[in-house]
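Presented below is the structure to which this report refers.
The values are calculated or read from the model by the stated rules, or taken from the named source; none is laboratory data. Keep in mind that what you see is a predicted model, and the values were worked out from it rather than measured. Cβ: placed from backbone, ideal geometry, glycine included. Neighbour counts: every protein chain shown. When the accessible area is computed, the model is the full protein with side chains, heavy atoms only, and any ligands, DNA or RNA have been set aside. Shrake-Rupley method; radii C 1.70, N 1.55, O 1.52, S 1.80 Å.
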Amino acid sequence: MTPIPQNKPHPSGDNRFKLLDRAITKHQANGDALIEILHAAQGIFGFLEHDLLIYISRALRLPPSRVYGVATFYHFFRMKPSGEHVFVLCTGTACYVKGAAEIQKAVEHQCGCKFGETTKDGKISLVSARCVGSCGLAPVAVLDNTVAGKLTPEESAKRVAHWQAEKKEVPA
Ligand code: FES
């Protein structure tokens, strides 16, 4: 597959696909790396939705049934987000060296739950990912659909607090 130039938005308008493209390119679009690529996709998007699985099946030239089969077989793949918001923290080597552990602590403290869990009110899911492909911006997190680089623990806790302060929309 042809990598998308860094400075151009992804044709889908969702730049998380650029990160996914990088993970696919890293594995040379090899179908044998399907599990690795599904892990990367879940790390970037927080869960594996229908369109994402189709995108992966096309990129790897695998039948969608195979991709679905693998994604639904393993319990560690999620097909739906559990929280309203998803904070995906990259804990790959570059991000770890640049302070991902401090971010993890600050965010867990702010949320009152651990990575891999969702807050009791169902508002925020904390997910950790291996390298999401933006090591130059380490430490990196994907906040809902936005990639945030060079994060600090303070900034991360502030972003989470902002989600917590959001009021639930009451239907009219
Ligand atoms: S290690 Fe975090 S983006 Fe690569």
Probe 1.4 Å, heavy atoms of protein chains only: per residue, the accessible area of region 80-172 in Å² is 57 Å²
Lone cysteines in the chain, going by a 4.7 Å Cβ-Cβ cut-off?
CYS111, CYS113, CYS131, CYS135
Length added when fully stretched, ALA29-ARG58, from 0.36 nm per residue minus Cα-Cα:
9.5 nm
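Between beta-carbons, use under 10 Å as the cut-off and find the net charge around GLY31, counting Lys and Arg +1, Asp and Glu -1. Provide the component values of the computation, followed by the final result.
Details: positive: ARG61, ARG66; negative: ASP32.
Summing Lys and Arg as +1 and Asp and Glu as -1 gives +1.
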With a cut-off of at most 12 other beta carbons within 10 Å, and DSSP calling the residue loop, which GluC sites (Glu not before Pro) in region 112-172 qualify? Please list them.
GLU166, GLU169
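Given 0.36 nm per residue, what is the gain on full extension from ALA101 to ASP14 after removing their alpha carbon distance, in nm?
Numbers: separation 87, 0.36 × 87 = 31.32 nm, distance 2.74 nm.
Net length gain for the segment: 28.6 nm.
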In Hz, Karplus ³J(HN,Hα) per residue of region 128-142 (6.51, -1.76, 1.60; θ = phi - 60°; x = Gly, Pro)
9, 10, 7, 2, 9, x, 10, 4, x, 9, 4, x, 10, 9, 10
At what distance in angstrom do the alpha carbon centres of region 37-76 and region 94-172 lie from each other?
23 Å
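May I ask you to derive the relative contact order of region 89-167, considering only C-alpha pairs under 8 Å and at least 6 residues apart, and to give it as an integer percent? Mind dumping the intermediate values first?
Working: 112 pairs, mean separation 29.2, N = 79.
The normalised contact order for region 89-167 reaches 37 percent.
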Assuming a ≥ b ≥ c are the square roots of the Cα gyration tensor eigenvalues, decide whether region 26-122 counts as rounded (a/c under 1.5), prolate (otherwise, with a/b larger than b/c) or oblate.
oblate
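Round to a whole number: what % of the accessible area of the chain belongs to carbon and sulfur, probe 1.4 Å?
Numbers: 5340 of 9720 Å².
Here it works out to 55 percent.
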Report the relative contact order of region 16-73, percent, no decimals, based on alpha-carbon pairs under 8 angstrom and at least 6 residues apart.
33 percent
Evaluate the relative contact order of the chain (contact order divided by residue number), counting alpha-carbon pairs under 8 angstrom at least 6 apart; express in whole percent.
23 percent
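Assuming R0 = 30 Å, can you tell me the calculated FRET efficiency for the pair THR93 and LYS123, based on Cβ-Cβ distance, to the nearest 0.05? The partial results should precede the final answer.
Numbers: r = 30 Å, r/R0 = 1.01.
Working from the Cβ atoms, E equals 0.50.
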When you have a sec, figure out the Kirkwood radius of region 85-165 from all distinct Cα pair distances and drop it here in Å to one decimal?
12.1 Å
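Given 0.36 nm per residue, what is the gain on full extension from THR152 to ALA165 after removing their alpha carbon distance, in nm?
Details: separation 13, 0.36 × 13 = 4.68 nm, distance 2.00 nm.
Roughly 2.7 nm would be gained on extension.
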MRE, 222 nm, helices only [DSSP H, n ≥ 4, -39500 (n - 2.57), over the chain, to nearest 500]:
-12500 deg cm²/dmol
